Structure formats: C-alpha cells, structure tokens
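Trainee: Quick one: this structure, given as structure tokens, is what I'll be asking you about.
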Amino acid sequence: MNSPRRLAYALLMLLVATYSASAEKVASMPAPTGYIDDYASVLSSPAKADMEATARELLEEVVSKADGTLRSRAQTMLDALG
C-alpha cells in the first residue's frame with residue numbers, strides 16, 4: 001500500500017522539478033521600472049497607476065512602522081523605485 005503513495009510522490013516531485021527548470025530566467029527579464037511592471041500589457045493606465053499608488057503607500061507604511069532590517073530594506077526599495 002505504501003508503494004503507490006511513494007510512486008505518486010516521486011511523480012509529483014518530477015513534475016515540480018521539470019516545471020521549475022522551464023521557468024523564466026531572472027537574467028533574461030527586463031529591469032523593473034516601478035512597483036508594477038506589466039510585461040504582457042494587460043493593465044490599463046489607470047489600473048496600473050492605482051496599483052502603483054497602493055504599492056507605494058504600503059511600502060511607506062512599512063517604513064514608518066517597522067524597525068531594524070525590515071525598515072532598512074523597505075527604505076532601500078522605496079528609494080530605488082522612487
């Protein structure tokens with residue numbers, strides 16, 4: 001009875017490994033231009049602007065409320081993305 005479970009688990013792991021190997025390589029992705037990057041061009045300009053504003057507000061809130069490493073990283077992101 002244990003054998004079918006092992007086989008199913010092995011097949012699942014093989015599927016995950018195969019899918020991961022075919023994922024987009026980070027080096028081939030364009031550099032980010034803001035908080036929201038719509039590489040597929042599916043967002044309208046107003047929707048993208050709204051999402052950008054929301055992301056900026058959330059990051060500013062993290063900077064204002066966090067401390068230590070999290071605050072430092074959030075501030076770095078905020079500075080880098082303008």
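Trainee: Would you mind finding the one in 35, 9 that is surrounded by 10 or more Cβ atoms within 10 Å (Cβ to Cβ), at pLDDT 80 or above, aromatic (Phe, Trp, Tyr) and under 18 Å from the mean Cα position of the chain (by Cα)? Show your work before the answer.
Mentor: Numbers: 9 fails: under 18 Å from the mean Cα position of the chain (by Cα).
None of the others qualify; the one that does is 35.
Trainee: Part of a loop (DSSP other than H, G, I, E, B) and either over 18 Å from the mean Cα position of the chain (by Cα) or at pLDDT below 80 (or both): does that describe residue 24? Full working, then the answer.
Mentor: Working: part of a loop (DSSP other than H, G, I, E, B): yes; either over 18 Å from the mean Cα position of the chain (by Cα) or at pLDDT below 80 (or both): yes.
Spelling it out, residue 24 is indeed part of a loop (DSSP other than H, G, I, E, B) and either over 18 Å from the mean Cα position of the chain (by Cα) or at pLDDT below 80 (or both).
Trainee: Follow-up. State which residue pairs qualify: first residue under 26 Å from residue 76 (Cα atoms) and inside region 29-46, second residue modelled with pLDDT of 90 or more and assigned to a loop (DSSP other than H, G, I, E, B) in any location, beta carbons under 8 Å apart, and separation of 6 or more residues or different chains.
Mentor: If the second residue must be modelled with pLDDT of 90 or more and assigned to a loop (DSSP other than H, G, I, E, B), the pairs left are 36/43.
Matching residues to (1) over 19 Å from residue 80 (Cα atoms); (2) aliphatic (A, V, I, L, M); (3) in contact with a Cys (Cβ under 6 Å, 6 or more places away or on another chain):
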position	(1), (2), (3)
29	no, yes, no
38	no, no, no
41	yes, no, no
44	yes, no, no
47	yes, yes, no
52	no, no, no
56	no, no, no
60	no, no, no
64	no, no, no
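The values are calculated or read from the model by the stated rules, or taken from the named source; none is laboratory data. This one's a predicted model, so the numbers in the text were calculated from it and none came from an experiment. Cβ coordinates were reconstructed from backbone atoms using ideal geometry, including for glycine residues, and neighbour counts include every protein chain displayed.
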